[in-house]
Every structure is written in C-alpha cells, then in structure tokens.
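The values are calculated or read from the model by the stated rules, or taken from the named source; none is laboratory data. In this text the structure is predicted, and so the values were computed from the model without any measurement. Please note: Cβ atoms are built from the backbone with ideal geometry, for glycine as well, and neighbour counts cover all protein chains shown. Surface accessibility is based on the protein's heavy atoms, side chains included, excluding ligands, DNA and RNA. Shrake-Rupley method; radii C 1.70, N 1.55, O 1.52, S 1.80 Å.
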Amino acid sequence: RLNREGIERPERVGLGSAPLSPAQRRLWFLEQLEPAAAAYRLTRTLRLRGVLKVEALEEALRETVRRHELLRTTFVMKEEQPLQLIQDEWETSLGFIDLGSGTVSELEAEARRVVSSEGDRAFDLATGPLLRTVLLKVSDEEHWLVLSLHQIIADRESLGVLVSELG
C-alpha cells in the first residue's frame, strides 16, 4: 500500500507486529553498528511557566502514548529479520527532578546539564521505551519538560505533533 506521498507503507504481519519501513530498517541497522551513538536521538525541552498540574501532564502523556502505536513499539529480531513489536499497553512514567534552590543562573545551568545528560542516554530498541520524559522543577512556577525519542519512532516533525498533543 502507498501513503499520500506515494511511498510504500509496510503491511502489518499480525496482531502486535509489523515489518520495518525502509527508513526504520536503515536506522535499526545503524543502531546495531554503533548502539551508543547519539546521532539518532531527538531531545526537545519545553519550558513551562506558571503553576503546573503535574497529574494533568502525566495523564496527557499516558493518553498520547495510548493513541500512538509507535510510542509503544520496540524492535526485535525474529526469524533473522528485524520486526516492530507493538505493545497493546505501555506503562508510561514521567521522571521528576526537583532542582532545589539556588540562583536563577545556577538552576538553569543544572537544568541544562540534566537535559544534556538525558540526550546522551542510549535507547535499547528491543526493550524500550523509545520515548523518555523527565520533568525538571526549577521553581514553583517554572518547569522544564524534557522529551527524548529515538528517531526510529519519530522525526522532528512528529516530535512537533507530540508536543502539540501534550499541550
């Protein structure tokens, strides 16, 4: 089957599984060659200002993951071929780090360090999750939401859609 752009779309091969698209196959192969490479990780940080209802953010995250199969997908070898395994359900967790107290510049420097560290963390394609979220509390009225994804499940455009949906 072809999508709107005329590119072949892989068929699902059974409940919960699907072959990889050509782009996913390339990324999967490159990940096998160099699993610690950061080149295929996307990290986006959203600065949230005002009083934040953390429970509402967690619920929005759970609902977004529920609606999008790729956010519940892992990539494994089966019969000598890479295969997507789409989980029916996936427990989503929002990491939380309270940066404590300090000057604005100290807290922002620590937040940047945490963001950089999150961007450096490798993903395990076989076990997932391939979306990680961490909420940094800078103050009662400023939080940074860090989203990290592997490019095998998202690109910059789809990351924008994710951000929009969480909003």
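Some values worked out for this structure:
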{"item": "Residue identified as open to solvent by less than 80 Å² (accessible area, probe 1.4 Å) and not charged (D, E, K, R) among S117, S93, S101", "result": "S117"}
{"item": "Hey, E165 touching a helix residue (DSSP H, G or I) at 6+ places or on another chain (Cβ under 7 Å), of a type in the set (D, E), closer than 30 Å to P35 by Cα and in a helix (DSSP H, G or I) or not", "result": "yes"}
{"item": "Region 61-83 residues that are farther than 14 Å from I152 by Cβ and open to solvent by less than 20 Å² (accessible area, probe 1.4 Å), paired with ones that are part of a strand (DSSP E or B) and at pLDDT 95 or above (beta carbon under 8 Å, 6 or more apart)", "result": "L61/L94; L61/T133; V65/L131"}
{"item": "Count - residues of region 130-152 that are touching a Lys or Arg at 6+ places or on another chain (Cβ under 8 Å) and open to solvent by 50 Å² or more (accessible area, probe 1.4 Å)", "result": "2"}
{"item": "Test for S21: is it touching a strand residue (DSSP E or B) at 6+ places or on another chain (Cβ under 9 Å), small (G, A, S) and modelled with pLDDT under 90", "result": "no"}
{"item": "Total residues in region 58-110, condition closer than 25 Å to A23 by Cβ and part of a helix (DSSP H, G or I)", "result": "8"}
{"item": "Qualifying positions in region 86-96 - more than 21 Å from L42 (Cα to Cα) and touching a residue at least 24 places away in the same chain (Cβ under 8 Å)", "result": "Q87, D88"}
{"item": "Flag if E108 is open to solvent by less than 60 Å² (accessible area, probe 1.4 Å) and over 21 Å from A38 (Cα atoms)", "result": "yes"}
{"item": "Subset of region 28-57 [within 17 Å of H150 (Cα to Cα), of a type outside the set (A, V, I, L, M) and not in a loop (DSSP other than H, G, I, E, B)]", "result": "W28, F29, E31, Q32, R41, T43, R44, T45"}
